[in-house]
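**Q** Shown below is the structure under consideration.
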Amino acid sequence: MEIIAGLGAGFLEVFQPMNMFVMVIGLVLGMLVAVLPGLTLVMGVVLALPFTYSMGLLPSIILLTAMYVSGTYGGAFTSILFRIPGEPIDVPLLWDGYAMARKGRPAKALGWTLCAALGGGLISATVMVFLSHPVAKFALTLSSPEYFAILIFGMASVVSLGGGSISNAFISLFLGLLIATVGVDSIYGTERFAFGVPFLQDGIEYLLVMVGAYGLGEVFQRLEKGFRGEEKLMGADQEIVTEFPTASEIGQLKGTFFRSSILGIIVGIIPGAGATIASFVAYGAESQYGKRRKEMGSGIAEGIVAPQTAATSSVGGALIPLLTMGIPGSGATAIILGAFLLHGVQPGPQIFVSSGPMVYAIFASLFVSIIGMCILGYFAIKPLVKVLDMPEPVVSAFVVMFCFIGAFAARNNLSDLYVITAFGILGYLFDKFKFPIAPLVLGSILGPLAESSFMTMMVSENNDWTVLIARPVSATVMVLAVIALVYPIHRQLRERRATRANKP
Amino acid sequence: MLNRLLRASPYIVLLICAMYLYHLATQFDYTAPPGRIGPDAWPKLILVMLGAVCVCEIVKNLLVGESFTASGMLDKLMQDAGAEEEEANRPGYPLRLWAGIGLTVVYTLLMDTLGFFVASSAYLALFMIIGQYTRWRVIAAASVLGSLAIMFIFMKIVYVSLPLGVGPFKVVSIALLAVMGVR
């Protein structure tokens with residue numbers, strides 16, 4: 001009852017003109033960055049951050065969350081219509097979405113995508129509302145060993161679920177954790193790795209790591225590979241409309257909707273996974289367990305519904321650990337965490353006590369955003385797709401500009417520009433040498449949290465680290481962390497042995 | 001052997017850096033209560049783990065010559081989907097890249113002197129040219145009007161104090177701000 005009342009008040013707050021205005025802006029921007037191949041969803045959310053500096057906390061979070069949710073949907077248009085996945089999230093949509101469009105039913109494919117985004121989004125938002133409060137209550141009972149174990153699990157899953165080799169992901173993570181130690185330590189006031197450089201004594205803000213490595217680094221990579229020309233897209237002149245599936249057609253796929261939504265929420269909750277993995281995993285699950293698994297890839301609705309439902313439902317899942325434990329599971333949620341911190345609010349178990357009405361307003365905004373996103377996707381698909389005509393060198397030049405402003409505006413410090421340039425070059429080198437960037441960024445975000453819970457644990461337990469495996473909750477989480485790391489290595493070694501054995 | 005050495009080289013560099021940073025960590029200046037770990041404990045722990053991964057990779061690549069490496073789930077999914085093949089097969093333009101990086105470094109260094117408007121207009125135009133965009137009117141309009149629009153939004157609406165520059169550049173910035181109604 002308390003939840004329903006809180007949510008009702010949240011809806012009233014969201015329908016304030018300013019909040020609705022920023023939500024619409026967020027939805028449009030999210031779709032634009034998802035459509036443009038040169039811009040990733042995370043980069044788009046990074047670029048929007050400086051605009052939130054002068055806003056209140058609630059409109060800031062509404063703007064970024066709206067971008068996050070619509071970013072999981074916008075890229076579907078170009079995947080289905082032109083075979084251009086705006087985001088890696090949309091790659092599975094190429095297999096059945098584009099195939100359905102090639103069979104002369106692009107409007108139906110778009111209709112299925114819209115239903116999947118709406119269904120997955122609303123289910124995950126509902127789960128988020130009812131799960132967050134108990135999770136926050138549970139988190140309040142945890143002490144530093146459990147919290148440290150959860151952080152270790154988060155980092156382990158980032159390494160095992162992300163891109164690149166696992167050893168390179170580890171190195172990237174350790175470098176991120178080291179970056180977080182630069183500056184004056186908060187317990188002893190000792191200067192660490194600052195090399196006498198004044199701006200390093202203040203530490204390196206993780207937002208700078210993120211803006212540099214994700215934003216600038218990505219632009220440098222694309223500059224080297226060569227920007228896309230202004231060639232006309234195949235099928236760009238076709239009439240673009242959306243045709244809804246009938247109620248009975250939707251009813252036939254209720255299993256797919258349910259399965260993919262649950263998968264999306266679970267994957268969203270796991271740090272480091274996010275919408276892309278949710279989309280692939282749901283497609284894989286449908287290919288293995290779906291009623292029409294043998295027809296997957298031939299342009300059937302299940303192949304569209306599964307990845308899109310999971311991608312959008314991962315958003316609600318990812319917001320649960322962010323709001324209830326202050327642990328961001330993905331790049332986009334890390335930026336949302338940054339917006340919270342910039343406004344002096346620390347998400348975590350206490351958030352329902354300290355900022356309950358605001359949390360319910362965020363929940364309500366997610367419901368409204370999902371519905372708004374689908375309305376926008378239905379009516380504004382043609383102009384949204386038109387942004388593909390924008391020349392990439394022009395877009396990229398402005399991306400760099402916004403990266404610089406975002407970095408500068410946080411502290412009004414020109415030295416931060418040098419820092420993001422350095423991280424931009426590092427981001428490029430990481431890509432070049434196949435080191436994943438996500439663990440670096442997540443390491444720099446989770447580093448201070450991990451260090452403080454590690455120090456607290458060691459002080460309270462008289463330097464006895466075995467407490468991690470002696471207490472039931474922390475031991476369980478540590479076992480999960482080990483499984484997360486060992487399983488992919490074991491699986492790939494087994495596959496390799498099998499491949500060798502099959503060779504004549 | 002040269003091939004093995006090349007594969008191992010990033011890890012050798014990282015291992016040397018980790019050892020150097022560990023040495024620095026042993027020299028942190030602090031006074032901890034007896035029996036309590038100091039501010040060096042956490043960085044040392046990370047550096048030991050970093051060093052251990054690097055040693056494993058060096059041994060694997062240099063001594064054993066093993067090229068197998070377990071990859072993360074996303075990597076595997078994208079490989080199976082063949083999603084990155086097209087990107088990977090595109091030819092590279094290193095000259096453009098280094099010109100872009102050089103331009104970005106110069107931009108950050110000159111921003112304080114030239115001011116946001118002049119530095120950004122020049123940067124936007126040159127970046128588009130390096131990116132092989134050749135519609136000169138669009139370049140001119142996008143760089144000048146874009147810089148002005150950004151300056152207006154951030155100084156008038158978002159209240160971010162962007163650098164004005166020095167000498168004549170400051171005069172230009174202040175004149176533009178006056179025209180835009182920004183005090």
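Each value in this text was obtained by applying a stated rule to the coordinates, not by laboratory testing. Note that this is a predicted model, so its numbers are computed, not measured. Note that each Cβ is placed from the backbone with ideal geometry, even for glycine, and that neighbours are counted across all protein chains shown.
**Q** Kindly identify the protein assembly as shown as rounded, prolate or oblate by the Cα gyration tensor criterion: order the square roots of the eigenvalues as a ≥ b ≥ c, call it rounded if a/c is under 1.5, otherwise compare a/b with b/c, prolate if a/b is larger, else oblate.
**A** On the way: a/c = 1.24, a/b = 1.06, b/c = 1.17.
Because its axes are fairly even, with a/c under 1.5, the protein assembly as shown counts as rounded.
**Q** Please list, ordered by chain and number, the residues whose modelled amide H lies under 5 Å from the amide H of residue B:71; skip anything fewer than 5 residues away on the same chain.
**A** Correct list: A:166.
**Q** Extent of the range A:10-61 along each principal axis, from alpha carbon coordinates, in Å, largest to smallest?
**A** 36, 20, 14
**Q** Quick check: from the Cα gyration tensor, does chain B come out rounded (a/c under 1.5), prolate or oblate? Each step should come with its number before you reach the end.
**A** On the way: a/c = 2.88, a/b = 1.54, b/c = 1.87.
Note, shape of chain B comes out oblate.
**Q** Evaluate the distance, in nm, between pseudo-label points positioned 7 Å from the Cα of residue A:15 and of residue A:246 along their respective Cα→Cβ axes.
**A** Going by the 7 Å Cα→Cβ label model, 3.5 nm.
**Q** So what are the ³J(HN,Hα) numbers for the range A:113-129, from phi and the Karplus equation (6.51, -1.76, 1.60; θ = phi - 60°), rounded to whole Hz, Gly and Pro as x?
**A** With the stated coefficients, the range A:113-129 comes to 4, 4, 4, 5, 5, 5, x, x, x, 5, 4, 5, 5, 5, 4, 4, 4 Hz.
**Q** May I ask you to derive the FRET efficiency for residue A:429 and residue A:1 from their Cβ-Cβ distance with R0 = 45 Å, giving the value to the nearest 0.05? Kindly include the intermediate steps, with their values, before the conclusion.
**A** On the way: r = 55 Å, r/R0 = 1.21.
After rounding, the FRET efficiency stands at 0.25.
**Q** With θ taken as phi - 60° and the coefficients 6.51, -1.76 and 1.60, list the Karplus ³J(HN,Hα) couplings across the range A:184-195 in order, rounded to whole Hz; mark glycine and proline as x.
**A** Per-residue couplings from phi come out as 8, 5, 6, 8, 9, x, 8, 7, 10, 6, 9, 6 Hz.
**Q** Using R₀ = 60 Å, calculate the FRET efficiency as 1/(1 + (r/R₀)^6) where r is the Cβ-Cβ separation of residue B:31 and residue A:254; round to 0.05. Before the final figure, lay out the partial values.
**A** Details: r = 65 Å, r/R0 = 1.09.
Calculated value: 0.40.
**Q** OK, next. In peptide A:167-173, what is the residue-averaged number of other protein chain Cβ atoms found within 10 Å of each Cβ?
**A** Working: counts 9, 8, 5, 7, 9, 0, 4.
That works out to 6 on average.
**Q** What's the FRET efficiency of residue A:371 with residue A:345 using the Cβ-Cβ distance as r and R₀ = 35 Å, to the nearest 0.05?
**A** Numbers: r = 26 Å, r/R0 = 0.75.
Rounded to the nearest 0.05, the efficiency is 0.85.
**Q** What does the helix-only formula give at 222 nm for chain A: each DSSP H stretch with n ≥ 4 adding -39500 (n - 2.57), the total divided by the residues, and the result rounded to the nearest 500 deg cm²/dmol? Could you put the intermediate results ahead of the total?
**A** Working: 23 runs with 362 residues, N = 504.
Calculated mean residue ellipticity at 222 nm is -23500 deg cm²/dmol.
**Q** Same structure again: Short version: ³J(HN,Hα) in whole Hz for each residue of the range B:161-167, in order, from phi by Karplus 6.51 cos²θ - 1.76 cosθ + 1.60 (θ = phi - 60°), x for Gly and Pro, what are they?
**A** These are the phi-based 3J(HN,Hα) values: 8, 7, x, 9, x, 10, x Hz.
**Q** Ok, one more. Need one word for the range A:186-338: rounded, prolate or oblate. Basis is the Cα gyration tensor (sqrt eigenvalues a ≥ b ≥ c); a/c below 1.5 gives rounded, then a/b vs b/c decides.
**A** Numbers: a/c = 3.26, a/b = 1.68, b/c = 1.94.
Cα axes put the range A:186-338 in the oblate bin.
**Q** Let me ask you something else. Return one number: the angle in degrees, 0 to 90 and rounded to the nearest 10, between the long axis of the Cα atoms of helix A:472-502 and the longest principal axis of the Cα atoms of chain A.
**A** 60
**Q** List the residues, sorted by chain then number, that are 5 or more residues from residue A:192 or on another chain and whose placed amide H is less than 5 Å from its amide H.
**A** Excluding prolines and chain starts, which carry no amide H, the hits are A:183, A:184, A:185.
**Q** Another question, then. Label residue B:175 and residue A:225 with points 7 Å out from Cα along Cα→Cβ: what is the distance between them in nm?
**A** Distance between label points: 4.4 nm.
**Q** Within 10 Å of each Cβ in peptide B:97-103, how many partner chain Cβ atoms are there on average? Round it to a whole number, please. Could the numbers behind the result be given before it?
**A** Numbers: counts 9, 3, 1, 11, 8, 0, 1.
Average per residue, whole number: 5.
**Q** To continue, here is another question. Counting pairs of alpha carbon atoms under 8 Å apart in space and at least six apart in sequence, what relative contact order in percent does the range A:260-388 give? Could the numbers behind the result be given before it?
**A** Details: 153 pairs, mean separation 31.0, N = 129.
Relative contact order of the range A:260-388: 24 percent.
**Q** If you don't mind, there's one more thing I want to ask. Compute the distance in nm between two label points, each set 7 Å from the Cα along the Cα-to-Cβ direction, one at residue A:194 and one at residue A:386.
**A** Placing both labels 7 Å along Cα→Cβ, they lie 5.3 nm apart.
**Q** Please identify which residues in the range A:154-186 have an amide N closer than 16 Å to a label point set 7 Å out from the Cα of residue A:493, following the Cα→Cβ vector.
**A** Under cut-off, by backbone N: A:166-167.
**Q** Could you list B:75, A:202 so that the one with the fewest beta carbons within 10 Å of its beta carbon is first and the one with the most is last? If you can, show how the numbers build up before the last one.
**A** Values: B:75 23, A:202 16.
Ascending Cβ contact count within 10 Å gives the list A:202, B:75.
**Q** Kindly count the pairs of lysines across chain A whose alpha carbons are less than 26 Å apart, treating pairs on different chains or eight or more residues apart as eligible.
**A** 19
**Q** Using Cα pairs under 8 angstrom and six or more residues apart, how large is the relative contact order of chain A, in percent?
**A** Working: 893 pairs, mean separation 147.6, N = 504.
The value is 29 percent.
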